1. Identify, by number, the condition in (1) part of a helix (DSSP H, G or I); (2) open to solvent by less than 50 Å² (accessible area, probe 1.4 Å); (3) among the charged types (D, E, K, R) that Glu21 doesn't meet.
2. Among the residues of region 68-79, count how many are crowded, with 22+ Cβ neighbours inside 10 Å and either hydrophobic (A, V, I, L, M, F, W, C) or in contact (Cβ under 8 Å) with a residue 40 or more places away in the chain (or both).
3. Being part of a helix (DSSP H, G or I) and of a type in the set (Ser, Thr, Tyr) is the filter; apply it to region 95-132 and report the residue that is nearest to the ligand (Cβ to nearest atom).
4. Could you list all residues from region 18-38 that are without any contact (Cβ under 8 Å) to a residue 12 or more places away in the chain and more than 16 Å from the chain's Cα centre (by Cα)?
5. Just the residues that are open to solvent by less than 20 Å² (accessible area, probe 1.4 Å) and either near the ligand (Cβ under 6 Å from one of its atoms) or in contact with a Cys (Cβ under 8 Å, 6 or more places away or on another chain) (or both), please, taken from region 82-94.
Amino acid sequence: MHLPVQIREFRFPSDYEQVFELWRGIEKGVHIGRSDTLAEIRKKITRDPDLFLVAESDGNIIGAVMGGFDGRRGLIYHLAVATSFRGRGIGSNLMDEVESRLRAKGCLKSYLLVTLDNIEVADYYIQRGWQHMDQVHLYGKELQ
Ligand SMILES: CC(C)(COP(=O)(O)OP(=O)(O)OC[C@H]1O[C@@H](n2cnc3c(N)ncnc32)[C@H](O)[C@@H]1OP(=O)(O)O)[C@@H](O)C(=O)NCCC(=O)NCCS
């Protein structure tokens with residue numbers, strides 16, 4: 001029998017350690033970088049704290065997703081579910097909730113990034129109504 005899973009907002013800073021460990025333990029698809037330190041997450045949650053969600057079971061964080069809305073587009077980062085909890089709809093529940101919260105803010109369109117080493121997860125998103133955007137290349141620049 002599975003214990004119930006609750007989707008709730010990320011609490012800063014008390015959830016940080018568990019979420020960071022969850023992300024760090026993900027085999028691929030979640031790349032931990034300098035934006036994932038405690039200080040940077042503190043900065044992130046000054047905006048859209050209601051778009052950073054976790055899945056909790058029996059007091060343990062077993063899933064997470066971090067959304068953002070810049071007033072025009074949404075962005076979804078670091079969707080992850082602990083291996084032993086996969087295939088139970090927890091990832092879909094996290095995505096449903098973050099998408100519905102983005103929609104409620106008036107967001108018309110959202111993006112998410114799939115790394116090239118994790119391309120097989122594309123089917124997961126396509127099933128959920130996401131489309132590969134083959135008319136754009138994504139560019140980035142380090143500003144600090
Ligand atoms: C992607 C992920 C969050 C899905 O979580 P989950 O809780 O298992 O998802 P759900 O239970 O809602 O959906 C499971 C379904 O998606 C499919 N699926 C999940 N991950 C998949 C993958 N990497 N490739 C292909 N299909 C996948 C499963 O086969 C399953 O299909 P089924 O219901 O027909 O059996 C989880 O596999 C994960 O944490 N992966 C590693 C991190 C990652 O890749 N994150 C995405 C970054 S862009």
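The values are calculated or read from the model by the stated rules, or taken from the named source; none is laboratory data. Bear in mind that the values here come from a model prediction, so they are computed numbers and not experimental data. FYI the Cβ positions are ideal-geometry reconstructions off the backbone, even for glycines, and counts take in every protein chain you see. Areas reflect the complete protein model, heavy atoms only, side chains present, ligands, DNA and RNA absent. Shrake-Rupley method; radii C 1.70, N 1.55, O 1.52, S 1.80 Å.
1. (2)
2. Total satisfying the criteria: 1.
3. As a first pass, look at region 95-132 and keep what is part of a helix (DSSP H, G or I): 95-104, 116-127.
Among the residues that remain, those that are also of a type in the set (Ser, Thr, Tyr) are: 100, 124-125.
Details: Ser100: 15, Tyr124: 4, Tyr125: 7 Å.
Among those that are part of a helix (DSSP H, G or I) and of a type in the set (Ser, Thr, Tyr), it is Tyr124.
4. Restricting attention to region 18-38, the residues satisfying the condition of being without any contact (Cβ under 8 Å) to a residue 12 or more places away in the chain are 21, 24, 33-35, 37.
The answer is Arg34, and nothing else.
5. First, pick out the residues of region 82-94 that are open to solvent by less than 20 Å² (accessible area, probe 1.4 Å): 90-91, 94.
Within region 82-94, Ile90, Gly91 meet the criteria.
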